[in-house]
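> Sharing a structure below in structure tokens format, with a few things to ask.
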Amino acid sequence: MSAIIRQIILFLIISRLGCCGDSSDKSSRMLVKLDISNIGNLVYISHKAEPPISRTIYYLKKDDTFISIADSGVIIWEAYGGEVAVDVVVYSKDSIPLLITLLIQDCAQFKYVHFEKAETWKQISKETYIEKLVELRTS
């Protein structure tokens with residue numbers, strides 16, 4: 001992803017969610033617990049087949065955020081402090097989720113967190129994530 005596209009995405013997210021010091025009324029904000037094995041109707045989904053894998057992006061309406069991500073009830077990630085997940089990207093093969101990237105917001109700071117499913121879900125580095133994604137696409 002180019003630096004310009006990344007900056008545009010971050011600008012849109014910041015303008016969508018505000019910052020820590022944002023005094024706007026957030027009383028209508030929904031804090032959503034997402035289980036990727038049982039998606040509810042609060043979540044918007046963008047799905048794209050990229051054979052031999054598929055990519056699914058889960059996101060919420062303006063101001064709503066994810067506070068935990070699970071798979072069949074097993075927690076993969078949980079918000080800590082002021083953290084929230086803005087978007088969730090899941091790569092699957094044969095309908096089995098194998099890689100996840102979360103865009104995490106903590107105040108006006110953003111970071112990507114990556115996970116791999118082996119026997120259990122575990123956090124991995126960006127470099128390992130990219131290697132695993134290339135491996136999935138070429139296998």
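The values are calculated or read from the model by the stated rules, or taken from the named source; none is laboratory data. Worth saying up front: this structure is predicted, and the values here are computed from it rather than measured. Reconstructed Cβ throughout: ideal geometry from the backbone, glycine too, with neighbour counts over all protein chains shown.
> Testing Y58 on (1) surrounded by fewer than 19 Cβ atoms within 10 Å (Cβ to Cβ); (2) of a type in the set (S, T, Y); (3) at pLDDT below 95; (4) farther than 21 Å from T138 by Cα, one condition comes back false. Which one is that?
(1)
> Could you say whether any residue in the range 36-45 is surrounded by 16 or more Cβ atoms within 10 Å (Cβ to Cβ), out of contact with any Ser or Thr (no Cβ under 9 Å at 6 or more places or on another chain) and in contact (Cβ under 8 Å) with a residue 40 or more places away in the chain?
Residues of the range 36-45 surrounded by 16 or more Cβ atoms within 10 Å (Cβ to Cβ): 36, 43.
Of the ones still in play, those that are also out of contact with any Ser or Thr (no Cβ under 9 Å at 6 or more places or on another chain) are 43.
This time we only want the ones that are in contact (Cβ under 8 Å) with a residue 40 or more places away in the chain, so: none.
Within the range 36-45 (the criterion being surrounded by 16 or more Cβ atoms within 10 Å (Cβ to Cβ), out of contact with any Ser or Thr (no Cβ under 9 Å at 6 or more places or on another chain) and in contact (Cβ under 8 Å) with a residue 40 or more places away in the chain), the answer is no, since none of the residues qualifies.
> One residue is enough: does the range 52-66 have a residue meeting the conditions charged (D, E, K, R), over 15 Å from the mean Cα position of the chain (by Cα) and over 21 Å from R29 (Cβ atoms)?
No, that holds for no residue.
> Restricting attention to the range 84-127, which residues are loosely packed, with under 13 Cβ neighbours inside 10 Å and either in contact with a Phe, Trp or Tyr (Cβ under 8 Å, 6 or more places away or on another chain) or not hydrophobic (A, V, I, L, M, F, W, C) (or both)?
Step one: list which residues in the range 84-127 are loosely packed, with under 13 Cβ neighbours inside 10 Å, which gives 94-96, 109, 111-112, 118-120, 122, 125-127.
Those that are loosely packed, with under 13 Cβ neighbours inside 10 Å and either in contact with a Phe, Trp or Tyr (Cβ under 8 Å, 6 or more places away or on another chain) or not hydrophobic (A, V, I, L, M, F, W, C) (or both): D94, S95, Q109, K111, Y112, E119, T120, K122, S125, K126, E127.
> Then there is this: Give the residues of the range 80-95 that are under 12 Å from the mean Cα position of the chain (by Cα) and more than 20 Å from E116 (Cβ to Cβ), sorted by residue number. Even if it seems obvious, please write down each step before you answer.
Our first condition is that a residue be under 12 Å from the mean Cα position of the chain (by Cα); within the range 80-95, this holds for 84-91.
If the condition is that a residue be under 12 Å from the mean Cα position of the chain (by Cα) and more than 20 Å from E116 (Cβ to Cβ), then V84, V86 are the ones that fit.
> Another question about this same structure. Report, by residue number, each residue of the range 28-45 that is part of a strand (DSSP E or B) and not hydroxyl-bearing (S, T, Y). Full working, then the answer.
Our first condition is that a residue be part of a strand (DSSP E or B); within the range 28-45, this holds for 31-35, 44-45.
Matches in the range 28-45: L31, V32, K33, L34, D35, I45.
> What are the residues in the range 81-116 that are under 30 Å from D63 (Cβ atoms) and either touching a Pro at 6+ places or on another chain (Cβ under 7 Å) or polar (S, T, N, Q) (or both), if any?
Initially, the range 81-116 is screened for residues under 30 Å from D63 (Cβ atoms), giving 81-92, 97, 99-115.
V90, S92, T101, Q105, Q109, listed by residue number.
> Determine if the range 61-75 includes at least one residue that is in contact with a Cys (Cβ under 9 Å, 6 or more places away or on another chain) and either surrounded by fewer than 16 Cβ atoms within 10 Å (Cβ to Cβ) or free of Cβ contacts under 8 Å to residues at least 24 places away in the same chain (or both).
Our first condition is that a residue be in contact with a Cys (Cβ under 9 Å, 6 or more places away or on another chain); within the range 61-75, this holds for none.
Checking the range 61-75: not a single residue is in contact with a Cys (Cβ under 9 Å, 6 or more places away or on another chain) and either surrounded by fewer than 16 Cβ atoms within 10 Å (Cβ to Cβ) or free of Cβ contacts under 8 Å to residues at least 24 places away in the same chain (or both).
> With the condition kept exactly as written, say whether any residue in the range 96-104 is under 11 Å from the mean Cα position of the chain (by Cα) and in contact (Cβ under 8 Å) with a residue 60 or more places away in the chain.
If we filter the range 96-104 for residues that are under 11 Å from the mean Cα position of the chain (by Cα), which is where we start, we get 99-104.
If we keep only those that are in contact (Cβ under 8 Å) with a residue 60 or more places away in the chain as well, we get 100, 103.
Yes: one or more hits.
> Any idea which residue in the range 46-69 is nearest to V32 (Cα to Cα), counting only those that are of a type outside the set (D, E) and part of a loop (DSSP other than H, G, I, E, B)? Show your work before the answer.
So the first thing to find is which residues in the range 46-69 are of a type outside the set (D, E), and the list is 46-49, 51-62, 65-69.
Filter again for part of a loop (DSSP other than H, G, I, E, B), leaving 51-52, 60-62.
On the way: P51: 30, P52: 30, L60: 9, K61: 11, K62: 13 Å.
Among them, the one singled out is L60.
> Turning to a different aspect of this structure: What's the total number of residues in the range 105-139 that are β-branched (V, I, T) and touching a residue at least 24 places away in the same chain (Cβ under 8 Å)? Spell out how you get there, then give the answer.
Here is the first cut: in the range 105-139, the ones β-branched (V, I, T) are 113, 120, 124, 128, 130, 134, 138.
Subset that is touching a residue at least 24 places away in the same chain (Cβ under 8 Å): 113, 120.
The number of residues fulfilling the criteria is 2.
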